[in-house]
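One structure is given below, encoded as C-alpha cells.
The values are calculated or read from the model by the stated rules, or taken from the named source; none is laboratory data. Note that the structure is a prediction, hence the values are computed from the model and not measured. With ideal geometry, Cβ positions are generated from the backbone for all residues, glycine too; neighbour counts draw on all protein chains shown. These area figures cover heavy atoms from the full protein model, side chains too; ligands, DNA and RNA do not enter into them. Shrake-Rupley method; radii C 1.70, N 1.55, O 1.52, S 1.80 Å.
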Amino acid sequence: MTLPITQSQIPPDIIDLGAGEPNQSIFPLDMIRRAAEERFAQGDKSFLQYGAEQGDGYFRLALAKFLSQGYGHPMTPENIFVTAGISSALDLLCTLFAQAGDTTFVEETTYFVAPKIFADHHLNIVPIAMDENGLVIEALEENLKIHKPKFLYTIPIHHNPTGSTLTDARRARLIELSQQSNFLILADEAYQLLSYTNDPPKPFAAHTNVENIISLGSFSKILAPGLRLGWIQAHQKIIKRLVISGLLDSGGGMNPFTSAIIRGVIESGNLEKHVHDLIKTYRPRLQIMDSMLKQHLTDITYTIPNGGYFFWLRFPEQVNSKEIRQRAKTFQVDFRQGTLFSSTGGSHNYIRLCFAHYDEARIEEGILRLKECLNTERHPN
Ligand SMILES: Cc1ncc(COP(=O)(O)O)c(C=O)c1O
C-alpha cells in the first residue's frame, strides 16, 4: 500500500501537458539542505518559537533585497507580510476584508482555484472580460456601474491560464478606478520573476504607497510549493490589519521555521542563481512548445507568452476540449480543458498547456500524441 504524499500524481505512461506544478527534478534539494544545516548549526533556537506576527524580520529584510533586485524597484521589509503562499493569503484577505455576500471581480478566465477560495467565503463572483493584453478596462468600467466590489482579483503578469500580461496603461487606469470606486486590487504576481523575453512591467508590488493595492507573491514557482511560503506587499494600513488578526495573534507569524531556512537560501545569493537557472531552463521549453504547436497543430490560434508556465490554445468554436480530453487518455497525453478556468462555463474551445513541467523531449512527444488524438477526432475511423 502506498500512502499519498503529493497533491497530484501523474501516471508514468502519461505526458500531462496540463500539469501546472514544477517538476520535482527541478527542486534544489542540496541548496535547501545546506541552508537548513547552517541554520541548525547556529544554535539559535528562536525560529522554533511562535514567530513575529508580520514574519521573521531578518527574512523580510533578505526578501526585500532580493525583490528589489528581481523587481527592479526598491522594496521595503516594512511593507512585507509573510504568508503560507498565495492561496492562504487570499483566504486570510477574504476573512479580514470581505463578508459573505460581498462581490469580488475575477478575470474571465482565471486561475481556477481562486474562485473556490472566494466561494468558501460566500462571496459573489463577477467575471470581467480579458483580451490578449489582460483585463479589459472598458468591461471593468461597465461592471463598476452595476456592482460595488470589495476585491478585484487579477493575475497581471504571465497569466494563468492565458499567458497574457497587463499593459502599463491598463495598470495605471486600473489603479485609478480602484481608488475612485474603493475596491482592493488583489494582484497575484506569482510569475513576475519568471520572464523569458523582454523586461516585465513594473509590478503592483511597487505601489505600496497606494492603500488599494495588495500584491501577492510566492516561493511555489521560484523554489518549491511544499515550502508553503509566500508574501504580501501592501500599504502599512493593510499590513497593520493583517498583523492584528486573530489568526496571527493566536498562532504568531506564518512559517517562522521555513522562513529562517529560506532566509539563508536568499542571503547566500543562491535563490537569485536558482531563478536565473529556472529562466534558462524554461525559455527553450517555451520555444520548443511554440515551434511544435506551429508545426503540428492546425486550426489553433494563440499568443506566445513572454514568461510564466502556460500556452492558451483557441480551437474553432465547434470544438469541445472536454470531449477531446476524455479521448486523450487513450493517446497517453493530457491537458486542461478551458472550462476549468471559467466562472461562466465558457472557453469550451480552449485548452491550457504548461511548457514548464517537462523537458524538451517530453514536450515534443506530448505534442505529437496530442496531434494524433486531434487527428483521430477529425477522422474518427
Ligand atoms: C496564478 C497562481 N496563483 C497562485 C498559485 C498558487 O500559489 P501558492 O502555491 O503560493 O498558494 C498558482 C499555482 O499554480 C498560480 O498559478
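For the condition farther than 20 Å from N143 by Cβ, crowded, with 19+ Cβ neighbours inside 10 Å, in contact (Cβ under 8 Å) with a residue 40 or more places away in the chain and touching a Ser or Thr at 6+ places or on another chain (Cβ under 8 Å), what is the one hit in V82, V106?
On the way: V106 fails: farther than 20 Å from N143 by Cβ.
The conditions single out V82.
Under the condition of being without any contact (Cβ under 8 Å) to a residue 40 or more places away in the chain and among the polar types (S, T, N, Q), which residue from region 241-267 is farthest from A224 (Cα to Cα)?
S250
Scan region 12-30 and report the pairs whose first residue is in a strand (DSSP E or B) and whose second residue is not aromatic (F, W, Y), with Cβ atoms within less than 7 Å and a gap of 6+ or a chain change.
Filtered contacts from region 12-30: I15/Q332; I15/V333; I15/R362; I15/E365; I15/G366; I15/R369; D16/I10; D16/D334.
List the pairs whose first member sits in region 349-378 and is on the phi > 0 side of the Ramachandran plot, whose second member is at pLDDT 95 or above, and whose Cβ atoms are under 6 Å apart, counting only residues at least 6 apart or on separate chains?
Filtered contacts from region 349-378: no entries.
Considering region 193-217 alone, what residues qualify as being farther than 15 Å from E78 by Cβ, open to solvent by 10 Å² or more (accessible area, probe 1.4 Å) and touching a residue at least 40 places away in the same chain (Cβ under 8 Å)?
Matches in region 193-217: L193, S195, T197, N198, D199, P200, P201, K202.
Scanning region 94-108 for residues that are closer than 23 Å to V243 by Cβ and more than 19 Å from the chain's Cα centre (by Cα), which turns out nearest to the ligand (Cβ to nearest atom)?
T95
Return the residues of region 332-373 that are farther than 20 Å from D299 by Cα and assigned to a helix (DSSP H, G or I); say none if nothing qualifies.
Correct list: L340, F341, E360, A361, R362.
Which ones in region 12-48 are surrounded by 10 or more Cβ atoms within 10 Å (Cβ to Cβ), closer than 27 Å to Y309 by Cα and away from the ligand (no atom under 16 Å from the Cβ)?
The answer is I14, I15, P28, M31, I32, R33.
Here are some conditions: (1) part of a helix (DSSP H, G or I); (2) within 16 Å of the ligand (Cβ to nearest atom). P305 meets all but one. Which one does it not meet?
Just one mismatch for P305, condition (1).
Go through region 120-140 and give me each residue that's in a helix (DSSP H, G or I) and either more than 16 Å from the ligand (Cβ to nearest atom) or touching a Lys or Arg at 6+ places or on another chain (Cβ under 6 Å) (or both).
As a first pass, look at region 120-140 and keep what is in a helix (DSSP H, G or I): 120, 137-140.
Within region 120-140, I137, E138, A139, L140 meet the criteria.
Right, Y111: within 18 Å of V243 (Cβ to Cβ), open to solvent by 50 Å² or more (accessible area, probe 1.4 Å) and of a type in the set (F, W, Y) or not?
On the way: within 18 Å of V243 (Cβ to Cβ): no; open to solvent by 50 Å² or more (accessible area, probe 1.4 Å): yes; of a type in the set (F, W, Y): yes.
No: the conditions fail for Y111.
In region 145-192, what residues are open to solvent by 30 Å² or more (accessible area, probe 1.4 Å), assigned to a helix (DSSP H, G or I) and of a type in the set (S, T, N, Q)?
Result: Q179, Q180, S181.
For P115, state whether it is closer than 29 Å to G251 by Cα and either more than 13 Å from the ligand (Cβ to nearest atom) or β-branched (V, I, T) (or both).
On the way: closer than 29 Å to G251 by Cα: yes; either more than 13 Å from the ligand (Cβ to nearest atom) or β-branched (V, I, T) (or both): no.
Taking the combined requirement at face value, the residue does not satisfy it.
Go through region 339-369 and count every residue that is open to solvent by less than 40 Å² (accessible area, probe 1.4 Å), over 14 Å from D290 (Cβ atoms) and small (G, A, S).
Our first condition is that a residue be open to solvent by less than 40 Å² (accessible area, probe 1.4 Å); within region 339-369, this holds for 341-342, 346-347, 349, 351-358, 363, 366-367, 369.
If we keep only those that are over 14 Å from D290 (Cβ atoms) too, we end up with 341-342, 346-347, 349, 351-352, 357-358, 369.
So of that shortlist, the ones also small (G, A, S) come out as 342, 346-347.
Counting residues in region 339-369 that are open to solvent by less than 40 Å² (accessible area, probe 1.4 Å), over 14 Å from D290 (Cβ atoms) and small (G, A, S) gives 3.
What tally of residues in region 329-345 results from selecting those that are at pLDDT 95 or above and either within 14 Å of F112 (Cβ to Cβ) or touching a strand residue (DSSP E or B) at 6+ places or on another chain (Cβ under 6 Å) (or both)?
Of the residues in that region, 10 qualify.
Return yes or no: is K116 open to solvent by 20 Å² or more (accessible area, probe 1.4 Å), free of Cβ contacts under 8 Å to residues at least 12 places away in the same chain and within 18 Å of the chain's Cα centre (by Cα)? Spell out the reasoning first.
Working: open to solvent by 20 Å² or more (accessible area, probe 1.4 Å): yes; free of Cβ contacts under 8 Å to residues at least 12 places away in the same chain: yes; within 18 Å of the chain's Cα centre (by Cα): yes.
So K116 fits the description; yes.
Take the residues in region 208-221 that are within 16 Å of the ligand (Cβ to nearest atom) and of a type in the set (A, V, I, L, M), then tell me which one is farthest from Q192 (Cα to Cα).
From region 208-221, those within 16 Å of the ligand (Cβ to nearest atom) are 214-221; that's our starting set.
Of the ones still in play, those that are also of a type in the set (A, V, I, L, M) are 214, 216.
Details: I214: 14, L216: 10 Å.
Per the stated criteria, the residue is I214.
Where residues in region 64-93 are within 14 Å of the ligand (Cβ to nearest atom) and assigned to a helix (DSSP H, G or I), which of them is nearest to the chain's Cα centre (by Cα)?
Checking each candidate, the answer is I86.
Counting only residues that are touching a residue at least 60 places away in the same chain (Cβ under 8 Å) and assigned to a helix (DSSP H, G or I), which one in region 49-59 is most open to solvent (accessible area, probe 1.4 Å)?
The first filter runs over region 49-59 and keeps only residues touching a residue at least 60 places away in the same chain (Cβ under 8 Å), leaving 49-56, 58-59.
After this cut, where a residue has to be assigned to a helix (DSSP H, G or I) as well, the list is 58-59.
On the way: Y58: 146, F59: 0 Å².
Checked region 49-59; the qualifying residue most open to solvent (accessible area, probe 1.4 Å) is Y58.
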